[in-house]
Amino acid sequence: MTNKLVYLAMFTVDNQLIPVGWGNVEYSKREIVFKQVPLNILFFPVCYDDDKMLSISEPFIIHSVCGSDNIPHPLTTNELPKNPVDVSVLDGHLVFTHKQNEKVSDLKYLTLTCDTSQKVQLHLLRKYPEKRRMRSFHEKLNGACLLGSNQEKGNYDTLYIIEKTPVPYLQEITFENYKKYRYYRFCTSNGEPINIAHMEFLGNKSPNHSCTLPTPLPYFSEAEVTLQKKCSLYRINGIPIRTGSKPEYAFDNDFNTYVGASSIGMDFKTPIQITNVRFIPRNANNMIVPGNSYMLLYYDGEWKEHQILYAEHHFLDFKNVPVATLYWLKNLTEGREELPFFYINGKQYFLHVDKGYL
């Protein structure tokens, strides 16, 4: 290597390695010096040969649970701390240049290592972490009400109130309802957008209505698939009530669309008894989607393909996977949002997002 400049690169949301910092090569000391390296971020040391990015060392994380005011935090000012912590990496270990910095006792130098001689099974549920914005939409559904009436603009009876934050999957609520209503509505308690991606009204089969099989609820393991029970109810189809723009988006069987009005509803023309509702709140559809194909890759100096699986349910089980510290699940059918993850004690921890994996 003849370059005097090398770089620290990190993953973007598009799974591209982008240089975010640079360092000097000091050939006489056989070392590379990087300044203001943030904690708890996975960096890939690279250099360039013309326009080609080349790896020059194994990826690493300077990890600390407690942190330090003398070490830069990610996405903060570029000003140097008053008493910067000066460390060197020798044989995979941190060596403090100044003794007073040794009080940062929990500082660790961690690298990505892959052991292809050991195998593990990965049980995966997502390709990208749940977004905070989506989670806030779900939280705002607390207190939302399911209502029934025989007059579109008349008084409605309250049939059910959501009392806990819905999950980002298709779910079912069951309620006691002994009456038949023509109109059913679902609305927030405070006028906030309903942000529902899909909803189905369930009841006994009726000769006066269009009845179809409901969308199956998700299964998250082979054990749940084995124990699955057949649903005796039918999806009762009607005409979406015009409560705002595009009310049909809540009933179009497409989990990627959603309704942003403060309420949605269905006109069944003839009153019918509804006892169950299945729905999924607005989401980015970054869970495992049945019918899609996925490729699992692991990092061993470079990204290497392990296997491609077709998802039959909302989970994937990859077997005989090399023990690595970083994996990447790619959806080959649709969607663009993906993020590498660690897999520890049977759980996915997405890079730079989830905590407690180190």
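The values are calculated or read from the model by the stated rules, or taken from the named source; none is laboratory data. None of the values given here were measured: they were computed from a predicted structure. Neighbour counts run over all protein chains shown; Cβ positions are idealised from the backbone, glycine included. Quick note on the areas: whole protein, heavy atoms, side chains included, nothing else; ligands and nucleic acids left out. Shrake-Rupley method; radii C 1.70, N 1.55, O 1.52, S 1.80 Å.
Couple of notes before you dig in:
- Between Glu302 and Asp317, the modelled labels are 3.3 nm apart [label points 7 Å from Cα along Cα→Cβ].
- Relative contact order %, the chain, counting alpha carbon pairs below 8 Å whose residues are six or more apart: 17
- If the chain linking Arg133 and Asn40 were pulled fully straight, counting 0.36 nm for each residue of separation and taking away their Cα-Cα distance, it would gain 31.2 nm.
- 23 Å Cα-Cα threshold exceeded, pairs from Lys140/Lys355; Lys179/Lys205; Lys127/Lys319: Lys140/Lys355
- Helix-only arithmetic for the chain: the sum of -39500 (n - 2.57) across DSSP H runs with n ≥ 4, divided by the residue total, places the mean residue ellipticity at 222 nm at -1000 deg cm²/dmol.
- Structure note, pairs Lys4/Lys52; Lys4/Lys29; Lys230/Lys330: Cα-Cα distances above 22 angstrom occur for Lys230/Lys330.
- Reported label for calculated mean projected area of the Cα convex hull in nm² given [x] 22.4; [y] 32.6; [z] 23.2: [z]
- Remark: the His63-Thr270 segment gains 68.2 nm on full extension, using 0.36 nm per residue and subtracting the alpha carbon distance.
- Largest-first principal axis extents, alpha carbons of segment 151-261, Å: 46, 33, 26
- Per-residue Karplus couplings for segment 178-195, computed as 6.51 cos²θ - 1.76 cosθ + 1.60 with θ equal to phi - 60°, are listed in order as 9, 10, 9, 10, 7, 10, 10, 10, 10, 9, 6, 7, 10, x, 5, x, 6, 6 Hz, Gly and Pro entered as x.
- Cα→Cβ-extended label distance, 7 Å offset, between Gln118 and Thr165, nm: 3.4
- Kirkwood radius, segment 234-358, all distinct C-alpha pairs, inverse of mean reciprocal distance: 17.8 Å.
- Average Cα contact separation per residue, segment 280-329, under 8 Å, 6 or more apart, as relative contact order %: 39
- Length added when fully stretched, Cys231-Arg30, from 0.36 nm per residue minus Cα-Cα: 65.5 nm
- Residue-normalised accessible area of the chain, given per residue in Å² at a 1.4 Å probe: 56
- Pair Thr212, Leu332: separation of 7 Å Cα→Cβ label points (nm): 2.9
- Of all aspartates and glutamates in the structure, the ones whose alpha carbon falls short of 16 Å from that of Lys131, not counting any fewer than 8 places away in one chain, are Asp14, Glu139, Glu337, Glu338, Asp354.
- Rel. contact order, % - alpha carbon contacts under 8 angstrom, at least six apart, segment 298-358: 23
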